[in-house]
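Just so it is clear, none of the values below were taken in a lab; they were calculated from the coordinates. These numbers come from a predicted model, not from an experiment. Positions of Cβ are backbone-derived with ideal geometry, glycine not excepted, and every protein chain shown enters the neighbour counts.
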Protein chains: 4
Amino acid sequence: MANVAMLGTGLIGLFYTMSLHGKRRRDRVVVVQGRDAAKTKAFAETWGIPRSTTSLEEAVAAEGVDLVVVGLPNHLHLEAVEAAVRAGRGVLCTKPLARTAAEARRILEAVEKAGVFHGYLEDLVYTPKMLKALASVRKGAIGRVLWTRSREAHPGPHSDWFWTKEMSGGGALVDMGCHCIEIGRSFVGKDVRPVEAVCWAATQVHPIEAEDSTVGLVRYASGAVAQFEAAWTFRGGMDLRDEVSGTGGTIWINNWLRTGFEMFSVPGSGGYVAEKAETESGWLFPVGDETSALGYDDMFADMLDAFDRKAAPVETFYDGYVVNAIMDACYRSVETKRWEPVLIEDWRGATEAQDARGHAEYDARHWLIKRERMPDGKTKLILKDKQTGAVVQRVE
Amino acid sequence: MANVAMLGTGLIGLFYTMSLHGKRRRDRVVVVQGRDAAKTKAFAETWGIPRSTTSLEEAVAAEGVDLVVVGLPNHLHLEAVEAAVRAGRGVLCTKPLARTAAEARRILEAVEKAGVFHGYLEDLVYTPKMLKALASVRKGAIGRVLWTRSREAHPGPHSDWFWTKEMSGGGALVDMGCHCIEIGRSFVGKDVRPVEAVCWAATQVHPIEAEDSTVGLVRYASGAVAQFEAAWTFRGGMDLRDEVSGTGGTIWINNWLRTGFEMFSVPGSGGYVAEKAETESGWLFPVGDETSALGYDDMFADMLDAFDRKAAPVETFYDGYVVNAIMDACYRSVETKRWEPVLIEDWRGATEAQDARGHAEYDARHWLIKRERMPDGKTKLILKDKQTGAVVQRVE
Amino acid sequence: MANVAMLGTGLIGLFYTMSLHGKRRRDRVVVVQGRDAAKTKAFAETWGIPRSTTSLEEAVAAEGVDLVVVGLPNHLHLEAVEAAVRAGRGVLCTKPLARTAAEARRILEAVEKAGVFHGYLEDLVYTPKMLKALASVRKGAIGRVLWTRSREAHPGPHSDWFWTKEMSGGGALVDMGCHCIEIGRSFVGKDVRPVEAVCWAATQVHPIEAEDSTVGLVRYASGAVAQFEAAWTFRGGMDLRDEVSGTGGTIWINNWLRTGFEMFSVPGSGGYVAEKAETESGWLFPVGDETSALGYDDMFADMLDAFDRKAAPVETFYDGYVVNAIMDACYRSVETKRWEPVLIEDWRGATEAQDARGHAEYDARHWLIKRERMPDGKTKLILKDKQTGAVVQRVE
Amino acid sequence: MANVAMLGTGLIGLFYTMSLHGKRRRDRVVVVQGRDAAKTKAFAETWGIPRSTTSLEEAVAAEGVDLVVVGLPNHLHLEAVEAAVRAGRGVLCTKPLARTAAEARRILEAVEKAGVFHGYLEDLVYTPKMLKALASVRKGAIGRVLWTRSREAHPGPHSDWFWTKEMSGGGALVDMGCHCIEIGRSFVGKDVRPVEAVCWAATQVHPIEAEDSTVGLVRYASGAVAQFEAAWTFRGGMDLRDEVSGTGGTIWINNWLRTGFEMFSVPGSGGYVAEKAETESGWLFPVGDETSALGYDDMFADMLDAFDRKAAPVETFYDGYVVNAIMDACYRSVETKRWEPVLIEDWRGATEAQDARGHAEYDARHWLIKRERMPDGKTKLILKDKQTGAVVQRVE
């Protein structure tokens, strides 16, 4: 059982608290901190939290607190983590870890120097579907990973600070690309070095400085490519889909808009349908259990189990730092219009090139390119002569 | 926090324990009982349960036990509930409550006379999608409920006793139709009386006495019809789908085979894909979080919260009894080949007929039958003269 | 190349003509007949039809006409077919063939006595998905057929006569159940005798005499059961789904609302989305090629190829008569509240009982009930002792 | 009615002939040409084609031929088109038009100088779903187009020449990227200039010189970005999906693997499931009407109607040339690792920049960034001060 200080009462603080307090879980939020005293007090009452405060320092230092959860706007993460470290608390920080790799580096160093427990709250790596998919990939169910795509798109966030570049550090890339990048990295293997990135980003719709739409590619040392798509311009709800292709298979995940729950309503649902849903009548696509589907439940289970065991959770601040380093390369690429190297100060994964490509041999003289069952029932082989390089076909 | 005695170490005992002990929940199984001492001991070790026993009496009487969970074959429910009642424990019983309404009646009377807490473990009414769908229906999102369909089909259960009619009480109807019937009843409204039922059941494939396939209709006092389909003959995995139609909308739920998680695997997943999955390579449809998707997590949360509050959970033994009464009518209908009344000794819901059908008036002279936007952009009205009964169409 | 006289200018006449004249087909409608002279003339102009008339007799007798297509309200089918027969034309009649089996019988006898070509325009048996599914079933891809379900539901038809029982012969059952019944029959095998039927039908919503919702079961001599669901009360568009289960597999077809084409539109599509679509903004589900998806293209190709070859098409008036006989049994069942025999005067299919159920033998002493791969990697067998009937389980 | 000379008897020649001769169409293939005399003769017999030959010159010059269809490997397109032009025939050429923009330019000039009819057989722009989607986009159903994604992926082509770079001109990009690029261009608007492209391409799996996987972005003068994904490394069948996002909506198209037709088969389908399907048992996803779903039927209808009308079809050789120009830029980008301009010699579309981005005004002082319905029923506004640039939020 852990006692939590929750920093932030916005949507993310709400989802975190719902998850921590839901379904007879044993952990408790014992103090909540927010800018607005009245709103914070109401939040505490709603969720049965004994104390509320507007003071970050007071919250992290409150008696009995084991862990601080940082659910604040991006520009406040460094300050909040430093406060938690000063109080000697373990600290869990929402995504992205920081606005830049340099800032993420400072956050990482703060916790590592102090030796406190730290977890990076990258929930979308923990959705039930992702967890099972990752386990399958590791068991070899789809062979060697070649390509991944992660997409998060919706009509835009609900709080003002997201839209203000100084506070957020950027637009859709920083807000949601960070999820997609870590999902891709998890599929490729977190031990595999991200080498370089190319990125397109533009402000297509909104009167803001940051990008509201972005697409990028991250190339890994294994030869795999992880593609991300993030947009605040999407209409139709929240699009959360992931795909991964390997030499032996493929996985398609839809976390939100198409999960086997469909409703047509003429009178309308009379309120909330699902996060970022845009309509309340006609065809609607609710989500059964939102905190579970978004990964919060499994994420906190991993974080708090790790805390109890004094071990590292699946996602640490180092992972958050790597994601920020990849995003930095992406932003440089948007400027230079070319692939940019991913700069990581202390790469902790595997160092050698991991390109494991091997060819299938058909016989002593040929590589096998392809074998296919044809409509007439015969099997056609495409072969390559190892010496001459000539491609030939045979029908068996 | 509740201490649980788990009776049964089969698949259902396994799922129940996984759910109770999962994701940092505060409740604990403190003793587990099974027929086979070695298997029961191993079960206890795997799940961190301090005591194991082969004695049902010993288990229910074990020190500190608050609640007994009956996860035993159908023919042992009565005996197990009576033992729990004698020990003064609250009791939760898996579905179906009993093999017949008469047996269910004895179980219900046992707990009610003793005044102990009781809950009917009808998990599929508690899947996250069902809970949200039921809430929408109650808020009026689909208008007045007209028709529901609930389907559970798979290639057959995994334990011998299911296939032995004396122990199970029947085949696919008793095993899975009980789920479908209570789902339909929940959509129609548990206050609405089930009036009569018609049922087809046959042994189409297996060398058994009981039916391996069944379809039936239950007509309610409101005029709504709830349809169920249950089969042990289905190939392709476990088919768990529910639909409900109302005057203002419709809801489609797919709990298992199509939930937004699709995998193609040439080498194969190397093992378990999902409950009742039939293949391990090719196109596979895993389920993210099985205990959540099957409703176990939300079911135990409701049961244990109710126990703490000393209130009734959503599903009680009375509900289990009503389901058995409906199944009895179905079995009679299979014999008589006609609609049979549902016989309930003490109906506790609404008593008057609830047929709320009202017609929409177009003007003083006409009822409105239908209004439709046509391809040419015009709107066509179908009207009925209130006096003459003549149907006419008008284009606006 | 065939010259067609089209009787009727309603939605069905429109779809038929679109299909016949579409995509460079070689056949032509050479005369069209309708009640309203101006509307009929406009129809002829739109579709490049050289002649229009309000006279049925004139249309069928027009020079050069090879085939008459009856696209008229149900109560006019007999009269129209008789006129076509008198003129010595081949005749294709829309579904249902008639309002009752007796009327269908007269229609069938009219064409058979005269020896003219006849085809029953049951388009939904000809959708591209159905054709491929039927071919798979016949090749044994799903083993022996056990159960089928066909569903057609939408918010109700667009012409006044459908809602007037004297003209239509009934409600949703006659209008759409006829499709579902012939789909089920096609899956089970048209050579297999339909033995008996049970049916529920009610007027749940509209101020009409006929049923606006119905569900029924038809039991065949092979032991298979074909289930149909038809409703004019469905909200959400047009629901056209079929399923079939066999001992070796299952097939799921969605012809309309979920075909891999999804659109979210805030401004709205600005008009027609798909037949019976209810909304024009929000999430929409258009259909790519409606005449193809509804089976019209393949149906007319079969009909006209058969006409050229002087052979019978897949669907003849005899099939229409069998469907009416099944519907008659259903209507009787609604009255008597029991299973009713299907009365067919001259059954032309197989006569013996075709229940082909055989049990799988495990060894000399046991039948095999079930073999299942368990989560722990072991295989569990459920066996039945041939002599004692006892069910036992073994783990391999 | 048109008489066609078919050059090529491979899979594409087969699909083209199936489409042209199917469902009572009035056009005829009157001569077919192939390398192998016996195979070509058999092809002619199967499809009722009166003449077969191994001579390209003989085929195009055969009496009565109106149109030549080039269904040959890429390196033979130029030669075949020149032969058709010499014979004075109209000519339709399969995709891609050529191996490079320079070669495409020569093909385009050949037909334009001679003034013969020409059509670019880009079938995937003509699938029934695409046609309806394009019509919706043009009517404004999704607002201004911002982003498109087109994906074609499968386990690789079935003929040797595809795998030989000198003949094909490249790998997955030339083979399938050409489809995706023209789909993106069609959504963005063919009048809008493609400005620049960035592309990743690699040989991830096969022992070949060309790329077997590629992803790229094409930026258009309107600010829209069209993304393509093409791979010969995908496992699971043929993945044909398209998406388009606009300021007012989104469209998702699945042309192949998920079209509402699902089959589970234990014994197996006994043969062909769908083009590029990899499995014949387990869960299978057949396609109802393949020639329709792949766009062949509507493509030939447009081409031949245009030929009859002496007008240009939707897709001409100029479109093929533009696609080759974009692919050239992509291949340069793979080398230079940066965005490369798309070089088009004679751009025939709109010339001015078409960035139509306008902001929504909330009041005289503010732009509206976003309006969102919150879970508590209130509406939150995110506004931007026009003068100060500050972002503020308000709750209505």
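Using the Kirkwood radius over C-alpha pairs as Rh, can you work out the diffusion coefficient of segment B:257-396 via Stokes-Einstein at 37 °C, viscosity 0.692 mPa s, in µm² per second? Please report the intermediate quantities before stating the final value.
Details: Rh = 22.2 Å.
For the chosen part, D equals 148 µm²/s.
Pairs of Cα atoms under 8 Å, at least six residues apart: use those to get the relative contact order of segment D:57-202, whole percent.
On the way: 162 pairs, mean separation 33.0, N = 146.
Value for segment D:57-202: 23 percent.
State the antiparallel share, in %, of DSSP beta bridges confined to the protein assembly as shown, rounding to the nearest 5.
Working: 215 of 323 bridges.
Within the protein assembly as shown, antiparallel bridges account for around 65 percent of the total.
Taking every alpha carbon pair in segment C:1-147, what does the distance histogram look like in 5 angstrom bins from 0, in percent?
Bins of 5 Å from zero give 2, 10, 18, 20, 17, 13, 9, 6, 3, 2, 0 percent of pairs.
Which ordering of A:30, D:60 is given by a fewest-first count of other beta-carbon atoms within 10 Å?
Ranked by crowding around the Cβ, least crowded first: A:30, D:60.
How large is the Rg to Rh ratio of chain A when both quantities use alpha carbon positions and Rh follows Kirkwood? Kindly include the intermediate steps, with their values, before the conclusion.
Numbers: Rg = 23.4 Å, Rh = 22.7 Å.
Here Rg/Rh amounts to 1.03.
With +1 on each Lys and Arg Cβ and -1 on each Asp and Glu Cβ, and nothing else charged, work out how big the dipole of chain A is about its Cα centre, in Debye to the nearest 20. Each step should come with its number before you reach the end.
Working: 48 positive and 54 negative charges, 279 e Å.
The dipole of chain A has a size of about 1340 debye.
Using Cα pairs under 8 angstrom and six or more residues apart, how large is the relative contact order of chain A, in percent?
Taking the mean separation of contacting Cα pairs over the length of chain A, I get 15 percent.
Measure nothing fancy, just the Cα-based angle from helix D:77-86's long axis to the longest principal axis of chain D, in degrees from 0 to 90, nearest 10.
So the inclination is approximately 60 degrees.
Using a 10 Å cut-off on Cβ to Cβ distances, tally the other chain neighbours for every residue of A:301-310 and report the average as a whole number. Display every interim value, and only then the final one.
On the way: counts 4, 1, 0, 2, 2, 0, 0, 1, 0, 0.
That average works out to 1.
Could you list B:232, C:200 in order of exposure, starting from the residue whose Cβ has the fewest other Cβ atoms within 10 Å?
On the way: B:232 28, C:200 21.
In order of increasing Cβ crowding within 10 Å: C:200, B:232.
Average projected area of the Cα convex hull of segment A:183-226, in nm²? Walk me through the intermediate numbers first.
Values: hull surface 14.0 nm².
The directionally averaged projection comes out at 3.5 nm².
Under the rule of at least 5 residues apart or a separate chain, name every residue whose amide H is placed under 5 Å from the amide H of residue B:249.
Result for residue B:249 returns A:266, C:235.
Take B:291, A:46, C:100 and order them by how many other Cβ atoms sit within 10 Å, fewest up front. Let's see the in-between values first.
Details: B:291 23, A:46 10, C:100 17.
Going from sparsest to densest Cβ surroundings: A:46, C:100, B:291.
Can you give me the relative contact order of segment A:8-67 as a percent, contacts being Cα pairs under 8 Å and 6 or more apart?
Numbers: 69 pairs, mean separation 18.3, N = 60.
Relative contact order, segment A:8-67: 31 percent.
Using 5 Å bins from zero, what percent of all Cα-Cα pairs in segment B:54-104 falls into each bin?
Distribution as computed: 4, 23, 33, 23, 12, 4, 1 percent.
Along Cα→Cβ at 7 Å, what distances in nm separate the residue A:3 label point from those on the other copies, shortest first?
Taking the point 7 Å beyond Cα along Cα→Cβ, the inter-copy spacings are 2.6, 9.5, 9.6 nm.
Roughly how crowded by other chains is peptide B:332-345, in terms of the mean Cβ count from those chains within 10 Å of each of its Cβ atoms?
On the way: counts 0, 3, 0, 0, 2, 5, 6, 6, 1, 0, 0, 0, 0, 0.
Mean number of neighbouring Cβ atoms from other chains: 2.
Roughly what angle does helix A:317-336 make with the longest principal axis of chain A, taking Cα atoms, 0 to 90 degrees, to the nearest 10?
Helix A:317-336 sits roughly 70 degrees off the main axis of chain A.
Restricting things to alpha carbons, tell me how big segment D:84-209 is in terms of Rg and Dmax, in Å.
Looking at segment D:84-209, its Cα Rg and Dmax stand at 16.7, 47 Å.
Could you let me know the centre-to-centre spacing of segment A:46-91 and segment B:61-115, using Cα atoms, in angstrom?
Here the answer is 47 Å between Cα centres.
So the label point sits 7 Å from Cα along the Cα-to-Cβ vector; using that for residue D:50, what distances do you get to the other copies, in nanometres, sorted shortest first?
Nearest to farthest, the other copies are at 2.6, 9.5, 9.7 nm.
Considering only DSSP beta bridges where both residues belong to chain C, give the percentage that are antiparallel (nearest 5).
Working: 47 of 74 bridges.
Bridges in chain C that DSSP calls antiparallel: roughly 65 percent.
Restricting attention to the alpha-carbon atoms of the protein assembly as shown, what are Rg (one decimal) and Dmax (integer), both in Å?
33.7, 101
Assign unit charges at the C-beta atoms only (+1 for Lys and Arg, -1 for Asp and Glu), then state the dipole size of the protein assembly as shown relative to its Cα centre in Debye, rounded to the nearest 20. Write out the running numbers ahead of the final one.
Details: 192 positive and 216 negative charges, 1 e Å.
Charge dipole of the protein assembly as shown: 0 debye, to the nearest 20.
State, to one decimal in nm and shortest first, how far the label point of residue C:338 sits from each corresponding label point in the other identical copies (label point: 7 angstrom along Cα-to-Cβ).
0.5, 8.9, 8.9
At a 4.7 angstrom Cβ threshold, list every cysteine in the protein assembly as shown that has nobody to pair with, or say none.
Within the protein assembly as shown, the cysteines lacking a partner Cβ under 4.7 Å are A:93, A:178, A:180, B:93, B:178, B:180, C:93, C:178, C:180, D:93, D:178, D:180.
Over 19 Å apart: what share of the alpha carbon pairs of segment C:248-335 falls there, rounded to a whole percent?
Working: 2456 of 3828 pairs.
Cα-Cα pairs in segment C:248-335 separated by more than 19 Å: 64 percent.
What pairs in B:39/B:310; B:39/C:370; A:129/B:129; B:370/C:39; A:41/B:190 have C-alpha atoms more than 27 Å from each other?
Values: B:39/B:310 35 Å; B:39/C:370 23 Å; A:129/B:129 16 Å; B:370/C:39 23 Å; A:41/B:190 39 Å.
Cα-Cα > 27 Å for B:39/B:310; A:41/B:190; rest within.
Please compute, for the alpha-carbon atoms of segment D:168-278, the extent along each of the three principal axes and give them in descending order in Å.
Sorted from largest, the Cα extents of segment D:168-278 read 54, 40, 18 Å.
Rounded to the nearest 10 degrees, what's the angle between the helix B:101-114 long axis and the longest principal axis of chain B, both from Cα atoms, 0 to 90?
60
Inside 10 Å of the C-beta atoms of A:191-202, what's the mean count of C-beta atoms belonging to other chains? Mind dumping the intermediate values first?
Values: counts 0, 0, 0, 0, 0, 1, 0, 9, 2, 7, 0, 7.
So the per-residue partner count for this stretch is 2.
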